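As structure tokens, the structure follows; a few thoughts come after it.
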Amino acid sequence: MADPSVDAWALVVPEALEDEVSGLAWDVGCSGITIENAGSGRVRLVCFFPNPSEVEAPMRELAAAQGATLERVPVPNPDWVRHFKETFVAFDVPPFRVVPEWASEADAAAHEPIRLIVDPGRAFGTGTHESTKLCLAALGALAPSLPRAPRTLDIGCGTGILAIAAVKRAGARAVAGDYDPLATASAERHATLNGVSLEVLLMDGCWGLAPGGFDLVFANLMAPFLIARAGEITRMGAPGCRYVLAGLLKDEELSVRAAWPRDWKVESRQLGEWASLVYTQP
């Protein structure tokens, strides 16, 4: 049973930095994060650690680098498994239905859309974030025009949900890569949960992959990565490749477009404050 209370580090940051700062907190060794509305376009990230005292220095450095306020606070110690089971429910992103692992068979069987089974945890990509939903919606729209068994690359795969969706919807031959070993382990587990086969690689960006080998590329990352490594990513596609970019805010779209080939066809989608871009390589 969880202790009644523990100390945690609380950071207050702009909403636009929520994902970036959360990722940095995970890198420091965070074991869980709860997110609260702090008003005025800000969020309060309550970050749990096995031993908060050991990470005081890196957390203060993180806060200083992000211009965030930081305080150590006593909070109830959450039972994470129970928390996820109480708050995560199945939802639809046509043609997909994202279903938690513990969903009842009756609930799962009652829906015709393609089921994506997820086990919410540390790795990003359970389908709940707007950027992941945008990618799933783009895949649903693109699937009829993709080649048979499209060669698919999911860069920064997290749980591998996008690669798994491509296998289930389009019969893809998929590669899922991430620099975080916890993410690649999660992708392998999710492939098993969903009964599909993925090639899961521990890698930074596209390093180590032969260029020109893919018909579909997912890059659900942050705008700075999409900008800085546009040349690296665009070398991955075969003629006619579709690139689904996400993880960018609406006001970052023009900056990302400026870094990508201007003579390629591009379509934009938006959901809330987030945007996605779908490029077609000539």
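The values are calculated or read from the model by the stated rules, or taken from the named source; none is laboratory data. Since this is a predicted model, take the numbers as computed values, not measurements. Cβ coordinates were reconstructed from backbone atoms using ideal geometry, including for glycine residues, and neighbour counts include every protein chain displayed.
Those residues that are surrounded by fewer than 24 Cβ atoms within 10 Å (Cβ to Cβ), touching a residue at least 60 places away in the same chain (Cβ under 8 Å) and not in a helix (DSSP H, G or I), I need them from the stretch 156-214; list them, please.
Across the stretch 156-214, the qualifying residues are 156, 213.
Please enumerate the residues belonging to the stretch 8-36 that are over 9 Å from residue 47 (Cα atoms), in contact (Cβ under 8 Å) with a residue 60 or more places away in the chain and touching a strand residue (DSSP E or B) at 6+ places or on another chain (Cβ under 7 Å).
15, 16
For the stretch 215-236, give me each residue that is under 18 Å from the mean Cα position of the chain (by Cα) and in a helix (DSSP H, G or I).
Selection gives 223, 224, 225, 226, 227, 233.
Inside the stretch 237-282, counting only strands (runs of 3 or more DSSP E) that do not spill past its ends, which hold 2 or more residues that are surrounded by 13 or more Cβ atoms within 10 Å (Cβ to Cβ), among the charged types (D, E, K, R) and under 21 Å from the mean Cα position of the chain (by Cα)? Before the answer, list the steps.
On the way: elements: 237-249, 265-271, 274-280.
So the answer is 265-271.
Take the stretch 59-79 and flag every residue that is of a type in the set (Asp, Glu) and modelled with pLDDT under 90.
Passing the criteria: only 79.
Residues that are assigned to a loop (DSSP other than H, G, I, E, B), closer than 23 Å to residue 234 by Cβ and at pLDDT 95 or above: does the stretch 135-148 have at least one?
The answer is yes, given that some residue of the stretch 135-148 is assigned to a loop (DSSP other than H, G, I, E, B), closer than 23 Å to residue 234 by Cβ and at pLDDT 95 or above.
Could you count how many residues in the stretch 18-38 are of a type outside the set (A, V, I, L, M, F, W, C), buried (at least 17 other Cβ atoms within 10 Å of the Cβ) and farther than 20 Å from residue 274 by Cβ?
1
Quick one: in the stretch 43-74, of everything that is among the aliphatic types (A, V, I, L, M) and part of a strand (DSSP E or B), which residue is surrounded by the most Cβ atoms within 10 Å (Cβ to Cβ)?
45
Can you list residue pairs whose Cβ atoms sit under 7 Å apart, with the first residue in the stretch 46-71 being farther than 19 Å from residue 15 by Cβ and the second being modelled with pLDDT under 90 and loosely packed, with under 12 Cβ neighbours inside 10 Å? Count only pairs 6 or more apart in sequence or on different chains.
Every condition considered, no pair remains.
Step by step: first the residues of the stretch 215-224, then only those that are buried (at least 18 other Cβ atoms within 10 Å of the Cβ) and out of contact with any helix residue (DSSP H, G or I) (no Cβ under 8 Å at 6 or more places or on another chain), then the one that is nearest to residue 172 (Cα to Cα). Which residue is that?
215
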